[in-house]
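The values are calculated or read from the model by the stated rules, or taken from the named source; none is laboratory data. From a predicted model like this one, the values you see are computed outputs, not experimental measurements. Note: ideal-geometry Cβ built from the backbone for every residue, glycine included; neighbour counts use all protein chains shown.
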Amino acid sequence: MKSPVRVRFAPSPTGFFHIGSARTALFNWLYARHTGGKFILRIEDTDKERNSAEFLQVILDSMRWLGMDWDEGPEVGGDYGPYFQSQRTELYRAKLKELADKGKAYEKDGAWWLRLEGARAMVFDDHLKKEIEKVSAAPMVLQDLVRGRVERAEDRDFVIFRSNGEPVFHFVNVVDDIEMKITHVIRGEDHLSNTSKHLEIFKAFGATPPEYAHIPLILKTDGPGKMSKRDRGALIEEYQQRHYLPAAVRNYLCLLGWTPTDGREVLPIEDIISQFELSAIHQSNARFDERKMAHINTQTLRALPADEFNALAKPILSAAHLIDESISSQRLAEVLAIVQEKVISLEHLPEFVGFFFTTSFKKDENALANLTKKGGDPRARIQELLPHLESSAWTESGLESAFNAAASAHQRKPTDFFAPARFATSGQGGGPHLLGVLRVLGRDTTLSRLKSFIA
RNA sequence: GCCCCCUUCGUCUAGCCCGGUCCAGGACACCUCGUUUUCACUGAGGUAACUGGGGUUCGAAUCCCCAAGGGGGCGCCA
């Protein structure tokens, strides 16, 4: 019987949470959940210079925001801790000694090096621009779960413990994967070439390496290279601040390097989990496209149950000072009910619905210009419409009749009155269904806004 | 410079493993048109791709080779 899957995400808290890291974490998490295995969070903080507690917190927060819970790691514990590499130094020293005793590692220039097996010769290295000792070691063969067979030979000994007494990434990464009984390493393709180093270390320990799955990288929207922290849209916090739905961000991230088998692009996480397979991960890099993510966000937002939508909308409207605690949940629900199917994002919600709550709503000059261009004088239209609305029943069908009556009285189309009425009451050129807007706005507000428009 | 990976519409991709059903399908974006109830919606339609060259084959997006392009790695960073 195969041992249960244990995967890990091993970030080093040296910066904000990058979208590429998030996607790597996500694929690990998905695989754990798909297989019923364990998802372990391990903090690779061996570089004291560059690590910070603030960045660690950002990573933990972002992971939770995206709904990626870990079974072992910081704040939750586990049987293989500690989960901070900075707290595992004694283990690494012991492991180094083990290799040294076996003659697999040696000291030079104060640092410890892994000794490769093979013939040695001094060779000038074009990249390093100096003469170094190269080793003709046998190639390491990797049977990668997404790349297939990859063969690569290391050609020189490499440092595993620095002269300052701290271990190097390649070493701690492998030691911890052994100690934590990691069965599958799912990581970015940028580590593919490093894997031969890791396999050499496994070999030195006489340990069986885990399965590997090297996933494609996320490239910049335009321009060369992979996404870097400085690129627009690269940081998870940004989406959090902009009120993106975490489920939508997560959904989009899944699409970068993997395709759901049932043909849907927007789908619930349970379905993603059940369809997710490492063998279906793509081999080629994907370019980041924020517009597609925004689209998925819109779809997800529209599909939300009304009460969830309202719960998300309320604090956003409060923060924009459009509503306060005095608003009844009934009133709020009434407004949001006609808005949810039209708004494109929670970020845009305040400007989209502001006119319901304040008389000092913004007027879209473009919309006004358009209005005059298309339908003649908007003030004349409101003038013609007003009496019909004043005598109207304040229901959508009543309002509809009023528009129709105004139209036939002045030999016009009902739609000729729509844009002027919308602009006069909301300052917008578009928005939720107009009759719904007027209904929810109420008779008094509607009439007074129309009157002040023509005043 | 050396090594590794990749290569279908502008972008994300389906198809490729098991060659014919693909004059290549979907989605985002873009463009057009429609709705006597607007629109950031919705409906209909459109533009647009198998990197190039050689092979194998009756037949290749699918198999093989080469080239080119893209990406990554080569640190006492992770």
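Quick notes
- Test for A:Ser3: is it in a loop (DSSP other than H, G, I, E, B) and either closer than 22 Å to A:Leu235 by Cβ or not β-branched (Val, Ile, Thr) (or both): yes
- Qualifying residue in segment A:253-270 (condition: of a type in the set (Lys, Arg) and within 11 Å of RNA strand B (Cβ to nearest atom)): yes
- Any hit, segment A:36-47, residues being assigned to a strand (DSSP E or B), in contact with an Asp or Glu (Cβ under 9 Å, 6 or more places away or on another chain) and touching a residue at least 60 places away in the same chain (Cβ under 8 Å): yes
Yes/no per residue for (1) surrounded by fewer than 16 Cβ atoms within 10 Å (Cβ to Cβ); (2) in a helix (DSSP H, G or I); (3) in contact (Cβ under 8 Å) with a residue 24 or more places away in the chain; (4) polar (S, T, N, Q):
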site: A:His321; (1), (2), (3), (4): yes, no, no, no
site: A:Val335; (1), (2), (3), (4): no, yes, yes, no
site: A:Phe355; (1), (2), (3), (4): no, yes, yes, no
site: A:Lys362; (1), (2), (3), (4): yes, no, yes, no
site: A:Asn366; (1), (2), (3), (4): yes, yes, yes, yes
site: A:Ala369; (1), (2), (3), (4): yes, yes, no, no
site: A:Ala380; (1), (2), (3), (4): yes, yes, no, no
site: A:His388; (1), (2), (3), (4): no, yes, no, no
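- The set of residues in segment A:165-215 being near RNA strand B (Cβ under 10 Å from one of its atoms), touching a residue at least 40 places away in the same chain (Cβ under 8 Å), surrounded by fewer than 20 Cβ atoms within 10 Å (Cβ to Cβ) and farther than 17 Å from A:Gln143 by Cβ consists of A:Glu166, A:Val168, A:Phe169, A:Gly188.
- Filtered residue count, segment A:1-40, keeping only those that are over 17 Å from the mean Cα position of the chain (by Cα), under 18 Å from A:His191 (Cβ atoms) and not charged (D, E, K, R): 6
- Evaluating A:Phe55 against the criteria (1) assigned to a helix (DSSP H, G or I); (2) surrounded by 18 or more Cβ atoms within 10 Å (Cβ to Cβ); (3) at pLDDT 95 or above leaves one unmet condition, (3).
- Any hit, segment A:86-103, residues being exposed (fewer than 13 other Cβ atoms within 10 Å of the Cβ), in contact with an Asp or Glu (Cβ under 8 Å, 6 or more places away or on another chain) and closer than 30 Å to A:Ala32 by Cβ: no
- Residue among A:Ser21, A:Ser12 that is within 12 Å of RNA strand B (Cβ to nearest atom), small (Gly, Ala, Ser), within 25 Å of A:Lys181 (Cβ to Cβ) and assigned to a loop (DSSP other than H, G, I, E, B): A:Ser12
- Residue match in segment A:312-324 (condition: closer than 25 Å to A:Leu255 by Cα and either touching a helix residue (DSSP H, G or I) at 6+ places or on another chain (Cβ under 6 Å) or modelled with pLDDT under 90 (or both)): no
- Number of residues in segment A:221-267 that are of a type in the set (Val, Ile, Thr) and part of a helix (DSSP H, G or I): the value is 2.
- None of A:Leu114, A:Leu142, A:Leu96 is under 43 Å from the mean Cα position of the chain (by Cα) and at pLDDT below 95 except A:Leu142.
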